[in-house]
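Notes follow once the structure below has been shown.
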Amino acid sequence: MAIVDQKWSALPVPHAMEVPDRVPKERYFDPDFFQMEVELLWSRAWQMACRLEEIPRARDFVEYEILDQSIIVLRDDDLGVRAFQNACRHRGVRVVEGRGKLKSGLTCPFHGWCYGPDGKNTFVSKAKSFAEHNLQPEDIDLTPVRCEVWGGCAFINLDDAAPPLRECIEPFATIMDAWKVESMRAEWWYAFRLPVNWKLAEEAFLEQYHVIETHPELVIPGRFPPRDAGAFDPRVFVDAELHYLHVMSDGMDGMVHANDVRVAESLRELELPTDPALAIPAWHRALNDAVVRWHRAQGSDIPDLNELEAHGWNESMFYCFPHYFVLPMYSSASSYRFRPLGPEETLMEIWSLTRFPEGSDRGQPTPPEPWEYDDPRVPPIPTQDFSNLPRQQRGLHAKGFEYMRLSEGIEGGVANFERTVDGFLAGLPYEKLIPALHAINLNPLERPVVDLGL
């Protein structure tokens, strides 16, 4: 990294991305590199801590853990969302575990120090036995953590100097607002332990070069127009589209919601032009309109899908650095979150999000017990991805393997992501990092290597 201004120089980054399309293998297992990520990335980046439906009522709380840090995220009495470090100000005991509802406040289970939903200390047992300097009022309140709400989620940042959330997650936020992602609710929630580095796990979803080999069932004859336009058959095309929707619904256990598949099936006999240049967009417009009509008739809040398509925002995957994905399709979406557990272990969570009639109470989603990556209950498409990842992690340790060789044109999402990681590890100021974040907080699929301004 070069000097970024006259006042300071960037920190040296070991195993840096010196060539954008070559990723040194040590980035995925070196303990010192991992420790730099702990200290310089996860301590500064905005992170999705919980879905708001996990804490719908006053005094509901959840514990968010990232590496050795534990954060309490809770609803206060005014239904605002606050976050605090989960450490009693007496001797550091974690005040809560998991999730629950406060009866009156937070009570340390060790010596009974108490805190209100606003984090203020409300009780110290045997207070007269402490020196005055150990009981200064503001000094014994729970330590607040930056917390902002967006898109149906609470985000936290351990750095008080970080810019506001929205400034760091554009244009992802604007596009997801157009999708009305805040109106979606969890239908199910899974978690998996992956024996791989967190970046390696994410990068399996930052490109679609792997689809033909890893997910051959998604390569369906008839979905794309033949070179000879005269060979196009609208009936074959519609059958292929419906087959694809079924595969996505079954293989991801809901990425295309079953309701939307049924709506699509109702259009099976739709008359389409014989010219593929007219037929294919006509099919997508008709399906978009039909899905919107069906969900609005149920009383759900859903955007006009054809308007999204007109903006070019109808892609099926959007990424928010460093660990959050939303994959919207028609009415619903899958959502991913990744958290490192160690240099070569990752917790991945998948939510299936969909729309319900406004005002309906879905209740709080049940937090999942993590499954192993090869558990037979894992949906078919993630099973295929997970089968590759441990083999890749082990393969990176081969003495003769030095670095990944990326395609500049179709694996640029991986290169852009890794170079943004380097920006954090170099300790760059936020004004240098924001342009890079804006460049990668998009659909990463089929993206080329781009200038991040780092």
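Rounded to the nearest 10 degrees, the inclination of helix 31-40 to the longest alpha-carbon principal axis of the chain is 80 degrees.
To put it simply, the accessible area of the chain at a 1.4 Å probe is 51 percent carbon and sulfur. Unpaired Cys in the chain, meaning no second Cys C-beta under 4.7 Å: Cys50, Cys114, Cys147, Cys153, Cys168, Cys320. Rg and Dmax, both from the Cα atoms of the stretch 302-391 and both in Å, are 15.9, 46.
What does the C-alpha gyration tensor say about the overall shape of the stretch 338-454? Classify as rounded when a/c is under 1.5, otherwise prolate if a/b is larger than b/c, or oblate. Judged from the Cα gyration tensor, the stretch 338-454 comes out oblate (a/c at least 1.5, b/c at or above a/b). Report relative contact order for the stretch 50-94 in percent, whole number only (criteria: Cα-Cα under 8 Å, sequence separation at least 6). Normalised by residue count, the contact order of the stretch 50-94 is 27 percent. Rounded, prolate or oblate: which fits the stretch 143-206 when a ≥ b ≥ c are the square roots of the eigenvalues of the alpha-carbon gyration tensor, with rounded for a/c under 1.5 and prolate only if a/b beats b/c? Since a/c reaches 1.5 but b/c is at least a/b, the shape of the stretch 143-206 is classed as oblate.
For the chain, the solvent-accessible area of protein heavy atoms averages 45 Å² per residue (probe radius 1.4 Å; ligands and nucleic acids excluded). Sorting Glu431, Glu418 by accessible area puts them as Glu431, Glu418; the probe is 1.4 Å, largest comes first, and only protein heavy atoms count. Modelled label positions at Arg296 and Glu18, each set 7 Å beyond Cα in the direction of Cβ, lie 5.8 nm from each other. Above 20 Å, the calculated P(r) of the stretch 12-72 contains 48 percent of its Cα-Cα pairs. Put simply, the chain fits an ellipsoid with semi-axes of 41, 29, 19 Å; these come from the alpha carbon gyration tensor as the roots of five times its eigenvalues, largest first.
Close Lys pairs in the chain (alpha-carbon distance under 17 Å; sequence gap of 8 or more, or different chains): 4. The relative contact order of the stretch 125-238, computed from alpha carbon pairs under 8 Å that lie at least 6 residues apart in sequence, is 13 percent. Pairs of Cα atoms nearer than 8 Å and 6+ residues apart set the relative contact order; for the stretch 206-295 it is 25 percent.
Taking the square roots of five times each eigenvalue of the Cα gyration tensor of the stretch 252-339, the equivalent ellipsoid has semi-axes of 26, 16, 12 Å, listed largest first. Using only Cα atoms, tell me the angle between helix 380-395 and the longest principal axis of the chain; keep it within 0 to 90° and round to the nearest 10. With rounding to tens, the tilt is 60 degrees. With everything on Cα atoms, drop me the angle between helix 276-297 and the longest principal axis of the chain, reported from 0 to 90° to the nearest 10. The answer is roughly 50 degrees. Projected over every direction and averaged, the convex hull enclosing the alpha-carbon atoms of the stretch 223-297 yields 4.9 nm².
The values are calculated or read from the model by the stated rules, or taken from the named source; none is laboratory data. Note that the coordinates shown come from a computational prediction; the quantities given were computed from them, not determined experimentally. Quick reminder, even Gly has a Cβ in these numbers, built from the backbone with ideal geometry, and neighbours come from all protein chains shown. For the accessible areas, the whole protein counts, side chains as well, though only heavy atoms, and no ligand, DNA or RNA atoms are used. Shrake-Rupley method; radii C 1.70, N 1.55, O 1.52, S 1.80 Å.
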